[in-house]
Amino acid sequence: MLDMLIVGGGYVGLSAAVAVKQAAPHLAVEVIEAAPEGVWEKDERASAVIAAASRMLDVFGAWQEILPDAQQINRMVVTDSRTSDPVRPVFLTFDGDVEDGKPFAHMIPNVSMVRALRNACARLGITIRHGVSGTGFVTGNTATTLSLSDGSTVETRLLVACDGVRSKLRDMAGIKTVSWKYDQSGIVATVEHERPHEGVAEEHFLPSGPFAILPLTGNRSSLVWTERTADAERLVTSDDLVFEEELQRRFGHKLGELRVLGCRKAFPLGLTLSRSFVAQRFALAGDAAHGIHPISGQGLNLGFKDVAALAETVVEADRLGLDIGSLNVLERYQSWRRFDTFRMGVTTDVLNRLFSNDIGPIRIARDLGLGIVERLPGLKSYFIREAAGTSEKGGPRLLAGQAI
């Protein structure tokens, strides 16, 4: 029988396995992943990883492997304008350092992050089973039995669902969600440009939604481009000339001519918050527990925070001789994470509704608010620490760069 079985072999699932196994090597931990072996190597996307999450990856021994492919964000620039505006005034800027020489975030290719986490799993002896998914489970007094798509079953003391925002295991557990759609889609693409970005990230608030330019290594940037769903579908299926012309209108010309690298995809956007993160011998983590708008770049980082809290809960319970799958133990994890997740979900929802419109009085009010924050260094410093995940006192040790 396993001690912990994780369903979902993405960043959150792999991180959860590494965090627990590294701190408690005697625990039997396994990961199952529905996708076939090697699919992750085809992921062309990149993700923003905040300072607190990079500290955790460093504890895992994965950060040094990731670092050569990571681009630090030296500065963040925020504008509020229309697509047709010839000039986009800057209302707010953030310096990227939370400490001297330590940026609040890095942009990391997803392939590099998954490779480093898989290598960490291999070093710790964690088995990753590919091509199988959970089809149902039964929870008993001492274990949960998960039925798999290949006809086999697995017994575990704790089942952790990291299987995405449309989590099947969450539905099987009977956990309800609060959710709605935004009629927006996020277009994700990588572009090459003539001039260097100097590590500057930009977020342009446009009437259709935020347009984020996030620096990658070399003269490349990652885009998260929010459009109304119908327009997003039209753009991703248009030819390269049309797409790049529309892109240049939003991106601007300061980095010179643009060229799209690889494919472009659109993902529907919405808000999903689970009403509970735990049940007897069952826990949710990552997008299975919460899916938020990318306006803040915090989606993946919320998942990493889940990992740090869940791992510390499980490991400390085990050291005390407690049942790691009991609801009493798991309630500590839920109390640690639910409020932060709800707060971030509400914040991103409000920001998206506030900035994704062209209503005159609202535009004046929000630009006034941005201007006030720009003129208050103390408030700016607080926001940057919040974004970096370094403001919380008494949080999980992994996020402070400390072993459990």
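The values are calculated or read from the model by the stated rules, or taken from the named source; none is laboratory data. Note that the structure is predicted; figures quoted are calculated from it, not measured. FYI the Cβ positions are ideal-geometry reconstructions off the backbone, even for glycines, and counts take in every protein chain you see.
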Problem set entry | Hits in the range 200-236 (condition: in contact with a Phe, Trp or Tyr (Cβ under 9 Å, 6 or more places away or on another chain) and under 19 Å from Asp43 (Cα atoms)) | Ile213, Ser221, Leu223, Val224, Trp225, Val236
Exercise. Pro207 versus (1) surrounded by 17 or more Cβ atoms within 10 Å (Cβ to Cβ); (2) at pLDDT below 95: which is the lone unmet condition?
Worked result: (1)
Exercise. So Phe94 clears everything in (1) modelled with pLDDT under 80; (2) on the phi > 0 side of the Ramachandran plot except one condition, right? Which one?
Worked result: (2)
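Within the range 173-188, work out how many residues are touching a Ser or Thr at 6+ places or on another chain (Cβ under 9 Å) and not in a strand (DSSP E or B).
Step one: of the range 173-188, the residues touching a Ser or Thr at 6+ places or on another chain (Cβ under 9 Å) are 173, 175-188.
Subset that is not in a strand (DSSP E or B): 173, 175-176.
The qualifying residues number 3.
So if I check each of Thr226, Thr237, Thr217, which one is modelled with pLDDT under 95 and surrounded by fewer than 19 Cβ atoms within 10 Å (Cβ to Cβ)?
Thr237
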For this session: Output the qualifying pairs, or none if there are none: Cβ atoms under 6 angstrom, residues six or more apart or on different chains, first residue in the range 381-395 and in a helix (DSSP H, G or I), second residue at pLDDT 75 or above.
Result: Ile384/Phe94; Ile384/Phe104; Ala387/Phe104; Ala388/Ile50; Ala388/Ala51; Ala388/Phe104
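Pull up the range 251-270, narrow it to residues that are under 24 Å from Arg353 (Cβ atoms) and not small (Gly, Ala, Ser), then point me to the one that is surrounded by the most Cβ atoms within 10 Å (Cβ to Cβ). Before you say what the answer is, go through the steps one by one.
Initially, the range 251-270 is screened for residues under 24 Å from Arg353 (Cβ atoms), giving 266-270.
If we keep only those that are not small (Gly, Ala, Ser) as well, we get 267-269.
On the way: Phe267: 13, Pro268: 13, Leu269: 23.
So, considering only residues that are under 24 Å from Arg353 (Cβ atoms) and not small (Gly, Ala, Ser), the one surrounded by the most Cβ atoms within 10 Å (Cβ to Cβ) is Leu269.
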Exercise. In this structure, is Val314 part of a helix (DSSP H, G or I), free of Cβ contacts under 8 Å to residues at least 60 places away in the same chain and more than 30 Å from Glu203 (Cβ to Cβ)?
Worked result: no
For this session: Answer yes or no: is there a residue in the range 189-199 that is touching a Phe, Trp or Tyr at 6+ places or on another chain (Cβ under 9 Å), outside any strand (DSSP E or B) and closer than 30 Å to Gln64 by Cα.
Result: no
For this session: Please name all residue pairs, on different chains or six or more residues apart, with Cβ atoms under 7 Å, provided the first residue is in the range 26-47 and is in contact (Cβ under 8 Å) with a residue 24 or more places away in the chain and the second residue is of a type in the set (Gly, Ala, Ser) and not in a loop (DSSP other than H, G, I, E, B).
Result: Val29/Ala17; Val31/Gly13; Val31/Ala17; Glu44/Gly262; Ala46/Ser222
Exercise. Out of all the residues in the range 113-127, is one or more at pLDDT 95 or above and either assigned to a strand (DSSP E or B) or in contact with a Cys (Cβ under 6 Å, 6 or more places away or on another chain) (or both)?
Worked result: yes
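If we keep just the residues of the range 1-41 that are assigned to a helix (DSSP H, G or I) and charged (D, E, K, R), which is surrounded by the most Cβ atoms within 10 Å (Cβ to Cβ)?
In the first step, residues of the range 1-41 are kept if they are assigned to a helix (DSSP H, G or I); the result is 11-23, 39-41.
Then drop every residue that is not charged (D, E, K, R), which leaves 21, 41.
On the way: Lys21: 24, Glu41: 10.
Among residues in the range 1-41 that are assigned to a helix (DSSP H, G or I) and charged (D, E, K, R), the one surrounded by the most Cβ atoms within 10 Å (Cβ to Cβ) is Lys21.
Could you check the range 216-272 and list, in sequence order, the residues that are part of a loop (DSSP other than H, G, I, E, B) and either under 25 Å from the mean Cα position of the chain (by Cα) or over 15 Å from His193 (Cα atoms) (or both)? Quick ask: steps written out before the conclusion?
First pass over the range 216-272, keeping only residues part of a loop (DSSP other than H, G, I, E, B): 217-219, 238-239, 252-257.
The answer is Thr217, Gly218, Asn219, Ser238, Asp239.
Could you list all residues from the range 35-54 that are out of contact with any His (no Cβ under 8 Å at 6 or more places or on another chain) and more than 19 Å from Gly299 (Cβ to Cβ)? Break it down into steps so the answer makes sense when it comes.
Of the residues in the range 35-54, the ones out of contact with any His (no Cβ under 8 Å at 6 or more places or on another chain) are 38-47, 50-53.
Selection gives Gly38, Val39, Glu41, Lys42.
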Seminar exercise, completed: Expected output for the range 157-178 (first residue touching a residue at least 12 places away in the same chain (Cβ under 8 Å) and closer than 28 Å to Asp318 by Cβ, partner of a type in the set (Asp, Glu) and buried (at least 18 other Cβ atoms within 10 Å of the Cβ), Cβ below 7 Å, 6+ apart or cross-chain) is Arg157/Asp3; Leu158/Asp3; Gly164/Asp287; Leu169/Asp163
For this session: Considering each residue of the range 348-404, count those that are touching a strand residue (DSSP E or B) at 6+ places or on another chain (Cβ under 8 Å), of a type in the set (Gly, Ala, Ser) and at pLDDT below 70, and give that number.
Result: 1
Seminar exercise, completed: Residue hits (the range 219-243; acidic (Asp, Glu) and either touching a residue at least 12 places away in the same chain (Cβ under 8 Å) or under 18 Å from Pro294 (Cα atoms) (or both)) are Glu227, Asp231, Glu233, Asp240
Problem set entry | Tally, over the range 315-335, of residues that are under 16 Å from Val59 (Cβ atoms) and in contact with a strand residue (DSSP E or B) (Cβ under 8 Å, 6 or more places away or on another chain) | 0
Exercise. Within the range 327-353, which residues are free of Cβ contacts under 8 Å to residues at least 60 places away in the same chain, surrounded by 17 or more Cβ atoms within 10 Å (Cβ to Cβ) and of a type in the set (S, T, N, Q)?
Worked result: Gln334
Seminar exercise, completed: Scanning the range 45-70 residue by residue, the ones that are part of a helix (DSSP H, G or I), among the polar types (S, T, N, Q) and under 15 Å from Phe104 (Cα atoms) total 1
Exercise. Here are some conditions: (1) modelled with pLDDT under 95; (2) over 24 Å from Gly297 (Cα atoms). Phe137 meets all but one. Which one does it not meet?
Worked result: (1)
